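The values are calculated or read from the model by the stated rules, or taken from the named source; none is laboratory data. Note that the coordinates shown come from a computational prediction; the quantities given were computed from them, not determined experimentally. Don't worry about glycine lacking a Cβ; one is built from the backbone with ideal geometry, like all the others, and counts go over all protein chains shown. The protein model used for the area step is the full one, side chains on, heavy atoms only, and it has no ligands, DNA or RNA in it. Shrake-Rupley method; radii C 1.70, N 1.55, O 1.52, S 1.80 Å.
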Amino acid sequence: MRRSLVLVSAAISALGLLTGCSADGDGSGSGKTTLSVAALEGGYGRDMYAQVIEAYKASHPGVDVQLKISKSIEDEITPNMKAGRFPDVVVLGQGRKAALTETLIKDKALEDLTPVLKAKVPGEDRTVGDKLIDGIVGNLNTNPYGTGQTYTMPMYYAPSGLFYNKGLFAQKGWKVPATWDEMFALGEKAKQEKISLFTYPTAGYLDAYFFALLADVGGEQFYTDVMTYKQGVWQTPQARQALDLTTRLLKYAAPTTVGYANEQDFTKNQQSILDNKTLFMPNGTWVVGEMKDAPRAAGFEWGLTPLPPVTVGGKRYITTSVESVWVPAAAKNKDAAKEFVAYLYSDEAAKIFAKSNAIQPIKGIASGLSGENAEFYKVYDETTVEALVGGFASTAPVEGVDIKATLFDTANSIISGDKTEDQWQAALNDASEKLRQAGG
Amino acid sequence: MTESSPARRRGNGVFVLACLLPALVLFAVFMIVPTLNVFRMSLYTWSGFSPDMRFVGLGNFARLLDDAQFVRAFQNTVALLVVVTVVTMGTGLFLAAIMTRQRLRGRTVYRFVLYVPSVLSVVVIAAIFSAIFDQKNGLLNGTLRLLSLDGLQQIWLGDQQLVLWSVAIAMVWQSLGYYMVLYMSGMASIPEEIYEASALDGASAGRQFFAITLPLIWQNLRTTLTFFVMSAVNLSFVLVRAMTGGGPDGSSEVLLSYMYKQAYTNSSYGYGMAIGVAVFAFSFFVSLLVSRATRREPLQF
């Protein structure tokens, strides 16, 4: 009897230890729908989410919204997702290092949000689709499978291009280059004054440069061919031209670029623009907030320009980074989640987001902007400039192949001379072909 | 003394088993099952989230052999292990012998200074070395400039031929003090009379080190060697992640950082687990090799 008691108590203590490690419950049982929202705390801060959720709860008393927000939200929600506990709504874009959104796209694990576009914004007469600016949905970013279905909704949008110091250009009497020849001529002129023409924070930031360049060189169809891994696309003259231009540009890269192009030191490359040591760098509008406390040259003023056109008077594209909101296919409260997503596009929510400089792709919103933001968004007003949204198409994962790393990271080797342009082109062709075969 | 009955002995056994049970259950659930899972998942292509798992047998391992980036990461890991182990262990032993056998003034201060890096977080160490290796304002290039050796200045973290050795320097700095203190404690327990007797026979300090110190702490050295090799695999991952991210262009990638990239950013979880199995097998093989190569008849005093 005593022995069995010992065994039972030991088993109970073991079980107790195990259950002590288990995750907490979902908190349901109050009769309310509990909507779990996970959001990335990006450059816009976290307060705007708390305010939007408060406003939503005020108009939807039957819904309780629990927010989880973090600068590394992927690390917070991934363990639970692996255990089958998915958040209902996630605000997280593509292009993050952890690539959670891309992974779920590859897995076809996102809910089809096309109905949200047709749904009326809660409390308003218009549908979400009516409110969105043209061209912001229906691209590979929002419709990753190239079908009519939208799986990620565009939450905020921002132009990404070449950032520079307007003050320095005014002081030197230099003009922002209108052609690539002018760009390289400026590189020579700047070199004489010990100023480099180009740098990048890390090679990953070259997406703001490369996507626009590919579209500039070969047009939108060529861009789509590259993004969808068309057979032999990297062996075409257009692809070679893009690599030629880039290789030439990288010859003018600041000598400190590669050494600082890592997670610890990337702001030092950004600082070289503020210090008038370098003229241009590819970046997004968040760089203004990121460097707001950094020292800067007298008369410094942020400027943003698209790449010079490849043909004089030709169309130019500006890479537009879009952060997304999506609903996992395995979410528990999908209907409530879709309604919440629709609410995020309401005038009420948009006003709160805009106060934190998080600009949503809603028609007319850019006209209400002020300061630097207004200047940046003006780039869309230029008649020859078009927004370019989206990136490489999703395929089934291919082990050991990361075409973005092949395209961007090789720039480090081109600058240091460890790889040639031919090797770069061959590696891109190889990676693209493998992804095409995987179903690009 | 009373002799315990078989029933009583059996009762004690049950009690011991019952006490061990919680730990055994936890060990099985959190160590054995996940390890077996890694082996199982390495046989699938799987992203880590989807219910869609495709069995590919040893396909992931076959791909590894063709993957130039994996081969490079493997070479980097082996190079780091060899260099960092030899330098850390050699320098650690040398310094421990000096601290123990020589009457150095300020010995405690030296010991403290050398031990401090061991208690620092690896991320702090990464930040310190990023500052030291800074190409413009770093301590290293600054010192070279001060000594008028401008020609020797380097872009330490941006040069593909140097970046791995820059990481190695940080690894040695982090580990050296810890192993030095371990060896000092082993050396301190060697009776002084042995050294006195050998000194009377005319043995030099170097001779004493190789004939007395080293053989008598040999078991200590064997254990720490295996332990160090294993911990160096982990340390290289954390330092690479924090200092270089594997760059520039994959030149400082090590096995675990490549595994992380494949499993968590390239949606190739099964492939990542295959790299995990390769790391497991490699670690096991290195431990075995170290154990075999250092096997000696234990000397006692």
| request: Examine segment B:272-280 for a residue that is open to solvent by 30 Å² or more (accessible area, probe 1.4 Å) and without any contact (Cβ under 8 Å) to a residue 40 or more places away in the chain, and state whether such a residue exists. | output: no
| message | For segment A:381-393, check the following and say yes or no: at least one residue is hydroxyl-bearing (Ser, Thr, Tyr) and either within 18 Å of residue A:251 (Cβ to Cβ) or assigned by TED's automatic domain parsing to the domain that holds residue A:147 (or both). | response | no
| task | Could you please find all residues in segment B:41-63 being open to solvent by less than 40 Å² (accessible area, probe 1.4 Å) and not β-branched (Val, Ile, Thr)? | result | B:41, B:42, B:47, B:48, B:49, B:50, B:57, B:59, B:60
| message | Looking at segment B:19-47, I want the residues that are within 12 Å of chain A (Cβ to nearest Cβ) and have a partner that is exposed (fewer than 13 other Cβ atoms within 10 Å of the Cβ) and of a type outside the set (D, E, K, R) with Cβ atoms under 6 Å, at least 6 apart or on another chain. Which pairs are those? | response | B:44/B:55
| message | Quick check on segment B:151-160. Is at least one of its residues assigned to a helix (DSSP H, G or I) and either surrounded by fewer than 14 Cβ atoms within 10 Å (Cβ to Cβ) or modelled with pLDDT of 90 or more (or both)? | response | yes
| note | The residue that is nearest to residue A:345 (Cα to Cα), considering only those in segment A:37-87 that are of a type in the set (Ser, Thr, Tyr) and either open to solvent by 60 Å² or more (accessible area, probe 1.4 Å) or within 14 Å of chain B (Cβ to nearest Cβ) (or both), is A:59
| message | So for segment B:196-219 (the condition being more than 14 Å from chain A (Cβ to nearest Cβ), open to solvent by less than 40 Å² (accessible area, probe 1.4 Å) and assigned to a loop (DSSP other than H, G, I, E, B)), does at least one residue qualify? | response | yes
| field | Near pairs, Cβ below 8 angstrom, 6+ apart or cross-chain, from segment A:203-227 (under 25 Å from residue A:268 (Cβ atoms) and in contact (Cβ under 8 Å) with a residue 40 or more places away in the chain) to any residue that is open to solvent by 10 Å² or more (accessible area, probe 1.4 Å) and of a type in the set (Asp, Glu) | value | A:203/A:409; A:203/B:249; A:204/A:409
| If the Cβ limit is 9 Å and pairs must be 6+ apart or interchain, which residue in segment A:142-165 that is without any contact (Cβ under 8 Å) to a residue 60 or more places away in the chain pairs with which residue that is surrounded by 23 or more Cβ atoms within 10 Å (Cβ to Cβ)? | A:143/A:150; A:143/A:151; A:143/A:152; A:149/A:113; A:150/A:113; A:150/A:116; A:150/A:142
| Residue among B:229, B:233, B:290 that alone is away from every other protein chain (no Cβ under 14 Å), over 23 Å from residue B:126 (Cα atoms) and aliphatic (A, V, I, L, M) | B:290
| task | Kindly establish whether residue A:311 is hydroxyl-bearing (Ser, Thr, Tyr), surrounded by fewer than 19 Cβ atoms within 10 Å (Cβ to Cβ) and not in a helix (DSSP H, G or I). | result | yes
| field | Yes/no for residue A:231 being assigned by TED's automatic domain parsing to the domain that holds residue A:430 and without any contact (Cβ under 8 Å) to a residue 24 or more places away in the chain | value | no
| All helices (runs of 4 or more DSSP H) inside segment A:235-286 with 1 or more residues being surrounded by 22 or more Cβ atoms within 10 Å (Cβ to Cβ) and more than 12 Å from chain B (Cβ to nearest Cβ) | A:237-250, A:266-274
| field | Matching residues in segment A:394-412 - criterion: being open to solvent by 20 Å² or more (accessible area, probe 1.4 Å) and assigned to a helix (DSSP H, G or I) | value | A:404, A:405, A:406
| query | Restricting segment A:119-134 to residues that are open to solvent by 50 Å² or more (accessible area, probe 1.4 Å) and under 16 Å from residue A:155 (Cα atoms), which is modelled with the highest pLDDT? | reply | A:130
| So residue A:206 fits all but one of (1) open to solvent by 10 Å² or more (accessible area, probe 1.4 Å); (2) in contact with a helix residue (DSSP H, G or I) (Cβ under 6 Å, 6 or more places away or on another chain); what number is the exception? | (1)
| request: Please work out if residue A:375 is open to solvent by 30 Å² or more (accessible area, probe 1.4 Å), over 19 Å from the mean Cα position of the chain (by Cα), touching a residue at least 24 places away in the same chain (Cβ under 8 Å) and outside the structural domain of residue A:101 (by TED's automatic domain parsing). | output: yes
| Set B:226, B:143: member being open to solvent by less than 70 Å² (accessible area, probe 1.4 Å) and touching a residue at least 40 places away in the same chain (Cβ under 8 Å) | B:226
| Criterion (in contact with a helix residue (DSSP H, G or I) (Cβ under 6 Å, 6 or more places away or on another chain) and of a type in the set (D, E, K, R)) met by exactly one of B:54, B:103, B:107, B:72 | B:107
| Of everything in segment A:393-404 that's more than 8 Å from chain B (Cβ to nearest Cβ) and closer than 24 Å to residue A:257 by Cβ, which residue is nearest to the chain's Cα centre (by Cα)? | A:404
| query | Scanning for something open to solvent by 10 Å² or more (accessible area, probe 1.4 Å), in contact (Cβ under 8 Å) with a residue 40 or more places away in the chain, over 30 Å from residue A:386 (Cβ atoms) and outside any strand (DSSP E or B), does segment A:346-353 turn up at least one residue? | reply | yes
| message | For segment B:243-297, give me the residue count where each residue is over 30 Å from residue B:131 (Cα atoms), in a loop (DSSP other than H, G, I, E, B) and out of contact with any helix residue (DSSP H, G or I) (no Cβ under 6 Å at 6 or more places or on another chain). | response | 3
| message | If a residue must be in contact with a Lys or Arg (Cβ under 7 Å, 6 or more places away or on another chain) and open to solvent by less than 20 Å² (accessible area, probe 1.4 Å), how many such residues does segment A:217-234 contain? | response | 1
| query | Across segment A:153-209, what is the number of residues that are at positive phi and among the charged types (D, E, K, R)? | reply | 1
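Residues A:438, A:342, A:426: which one is more than 10 Å from every other protein chain (Cβ to nearest Cβ), farther than 27 Å from residue A:318 by Cβ and open to solvent by 50 Å² or more (accessible area, probe 1.4 Å)?
A:426
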